[in-house]
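A short write-up of the structure that comes next.
Since every read-out is calculated from the coordinates, none of them should be taken as a lab result. Keep in mind that this is a model prediction, so the values were computed, not measured.
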Amino acid sequence: MKKPIYIIGAIIVVVLLYGWVTYNGLVSANVGVDQQWAQVETQYQRRLDLIPNLVASVQGIFKQEQTIFTALANARAHYAGAASVDAKAKAAGEVESALSRLLAIVENYPQLKSSDTVQTLMAQLEGTENRVSVERKRFNDVVASYNLKTKRFPSSVIASLFGFSSRAYFEAAAGAENAPKVQF
């Protein structure tokens, strides 16, 4: 009579142990997604810190493109005021759009291209854009891993019991696939 009690007790212990390990794995994966988003934001902040320097350098040489400077300032303000990951991603798309228009203009003006300050800042921005791209990819990779954990059985049962739900991937803003058009 004692054998079935031990077997049932062992099964309960195994199920509880599995639940505990799975829960902790989901918590770790969820924190990993948050940490990777922080890395994306770090690169966004680097970009936002470089933009005023580039704008100031270019403005001194090139006064007639105030609309791009205004768009950059507004995009930076939107990013700073964004509260959610989705809002920050949308605002980052605005920054990228305005920045790409500015960089296209710089490329078309030899006196700007030859300025050491502008060249240095453009190189810094190019490096930052590469870092942003890498961190976004890493973010999406971490989100994919987390989402798999929340959807695979039997861990999906633990995830639904404790409120772990899928996280959103970083997606490019609408129209990001199109090159900016610069007209003079």
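Take a quick pass over the range 2-161 and tell me how many lysine pairs come in under 24 angstrom between Cα atoms, counting only ones 8 or more apart or on separate chains.
So the count of such lysine pairs works out to 5.
In Å and on Cα atoms, what radius of gyration and Dmax does the range 2-161 show?
So, for the range 2-161, Rg and Dmax equal 24.3, 90 Å respectively.
Per-residue HN-Hα couplings for the range 142-148, Karplus 6.51 cos²θ - 1.76 cosθ + 1.60 at θ = phi - 60°, whole Hz, x for Gly and Pro?
Here the 3J(HN,Hα) series is 5, 4, 4, 4, 4, 4, 4 Hz.
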